[in-house]
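Engineer: Take a look at this one; I'll ask things after.
The values are calculated or read from the model by the stated rules, or taken from the named source; none is laboratory data. Just so it is clear, the structure is predicted and the values come from calculations on it, not from any experiment. Cβ sites come from the backbone with ideal geometry, for glycine too, and all protein chains shown count toward neighbours. The protein model used for the area step is the full one, side chains on, heavy atoms only, and it has no ligands, DNA or RNA in it. Shrake-Rupley method; radii C 1.70, N 1.55, O 1.52, S 1.80 Å.
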2 protein chains.
Amino acid sequence: MIKFFEYNWQVRDEWFNWCKQLSTEDLLKDRIGGVGSILYTLFHIIDVEYSWIRAIEGKDDVVVQFNDYNTLEKVKSLSDTFRNDIVKFIQTNSDESNDQLVSVPWDEDTYSRSGILHHIVAHEIHHVGQLSVWAREVELSPVSANFIGRDFKLI
Amino acid sequence: MIKFFEYNWQVRDEWFNWCKQLSTEDLLKDRIGGVGSILYTLFHIIDVEYSWIRAIEGKDDVVVQFNDYNTLEKVKSLSDTFRNDIVKFIQTNSDESNDQLVSVPWDEDTYSRSGILHHIVAHEIHHVGQLSVWAREVELSPVSANFIGRDFKLI
């Protein structure tokens, strides 16, 4: 499972770099499908990942508002901060077969630790697929989604 | 890793059902981003998955042409046929830590078995993210991409 986190984090950083060529208007423009704009999508991915990981860790949810992070620099910085906080957890807890149940503050259900890790991984890849369509809409090549042929920076 | 295949196959079948409400024109319409139309995307996902799995198995690639499978029924049938052929392999070979190298007929590089399995999984989720944007373009709700809260049919 850890390879998927390495993949997602690397692809995410490539999207942050890719975004530098966009105007603020293009970053924030509400688009068809997904959760809205390109920048909000990146914010949403980061927020969701952190909330689920903190839930597994038994820590309180940290609620962040997009209004406080509505520039590329701020979203990238949020990504770095949250990642720094969860990297140790990912390094030692990415065993996909751990089915321990986890309670979350945002609903009444419980979820298996394994299910949550799968959910986080699929969630980011899915939203990045949406970014790739919007990239073409602004007439730019998207970041490569290939898992294979990628030099991985180990986490 | 097997949970991701269960997830992808289940989501794919839900997209096949979802597609029944589309006209042939909407299924085949060339769209912005990704590999083209909604139906071709599903065909492409199936083709890529099968080619990589057969490469791991050391079997010849089976080359399929979209022109021979350009209806929803034919693509769904292709998906069922290929899945039927690889389900036993997935059930017993989805260990993500197997780094045995695999040669493929379509290029000179070798790839680790583990890398290929990760690639197949991420490839389908990424393209399904694109379908979800195109769904909104035809003013329909996309299939849910949630991993969590899903009743899994075991494979």
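Engineer: Quick check on the range A:103-123: of everything there that is charged (D, E, K, R) and more than 9 Å from chain B (Cβ to nearest Cβ), which residue is farthest from A:R54 (Cα to Cα)?
Structural biologist: Ranking the qualifying residues of the range A:103-123, first place goes to A:E108.
Engineer: Tell me, please, whether a residue that is more than 20 Å from B:F5 (Cβ to Cβ) and touching a Ser or Thr at 6+ places or on another chain (Cβ under 9 Å) can be found in the range B:77-99.
Structural biologist: no
Engineer: Do we find a residue being without any contact (Cβ under 8 Å) to a residue 24 or more places away in the chain and of a type in the set (V, I, T) anywhere in the range A:102-110?
Structural biologist: Scanning the range A:102-110 turns up at least one residue that is without any contact (Cβ under 8 Å) to a residue 24 or more places away in the chain and of a type in the set (V, I, T).
Engineer: Related question: Give me the residue from the range B:136-155 that is more than 7 Å from chain A (Cβ to nearest Cβ), crowded, with 16+ Cβ neighbours inside 10 Å and not β-branched (V, I, T) and, out of that set, farthest from B:Q21 (Cα to Cα).
Structural biologist: Only one residue tops the list, namely B:R150.
Engineer: I would also like to ask the following. Looking for whichever is modelled with pLDDT under 95, surrounded by 16 or more Cβ atoms within 10 Å (Cβ to Cβ) and either in contact with a strand residue (DSSP E or B) (Cβ under 8 Å, 6 or more places away or on another chain) or of a type in the set (S, T, Y) (or both) here; the options are A:S79, A:S94. Which one fits?
Structural biologist: Exactly one of A:S79, A:S94 is modelled with pLDDT under 95, surrounded by 16 or more Cβ atoms within 10 Å (Cβ to Cβ) and either in contact with a strand residue (DSSP E or B) (Cβ under 8 Å, 6 or more places away or on another chain) or of a type in the set (S, T, Y) (or both), namely A:S94.
Engineer: How about the range A:97-118: which of its residues are assigned to a strand (DSSP E or B) and either open to solvent by 60 Å² or more (accessible area, probe 1.4 Å) or within 26 Å of A:Q21 (Cα to Cα) (or both)?
Structural biologist: Hits for the range A:97-118 are A:L101, A:S103, A:T110.
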